[in-house]
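For reference, the structure discussed in these notes is given below.
Read the figures in this text as sums done on the coordinates, not as results from a lab. Nothing here was measured: the structure is a model prediction, and the numbers come from that model. Don't worry about glycine lacking a Cβ; one is built from the backbone with ideal geometry, like all the others, and counts go over all protein chains shown.
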Amino acid sequence: MLTIQTECFGKQAEPVAATKSDLETAAHEVLGRRTKETQTYKIFLDRINAQPPAQFEEYWKSEIETRDLQRVKKLIGIFRGQ
């Protein structure tokens, strides 16, 4: 599932990289386009996770969303040749 999500990020990052928007805005645009794959991954992790729902949400926001944003920024940077 993580591979599928990463491939989707890459497919969306390439055209977004060509825009003049700043890196942060471009990364959020890519993440916004891949909500279906991200939600599928989130549901999968939630099912195998033993944490209470509130703790899982905190983990998701602090760890997974941050990781995804950094991953997308790197992909955009690669496509921009940075």
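Of note:
- Helix 65-80 axis, angle to the chain major axis (alpha carbon atoms, nearest 10°): 20
- The structure-derived value of Rg and Dmax of the Cα atoms in Å appears in the list (i) 15.8, 48; (ii) 13.5, 42; (iii) 12.6, 41 under the label (ii).
- The Leu23 and Ser62 beta-carbon pair, evaluated with R₀ = 30 Å, returns a calculated FRET efficiency of approximately 0.90.
- Segments 52-60, 70-78 sorted - mean Cβ within 10 Å per residue, highest first: 70-78, 52-60
- Computed about the Cα centre, the dipole magnitude for the chain is approximately 240 debye when only Lys and Arg (+1) and Asp and Glu (-1) carry charge, each at its Cβ.
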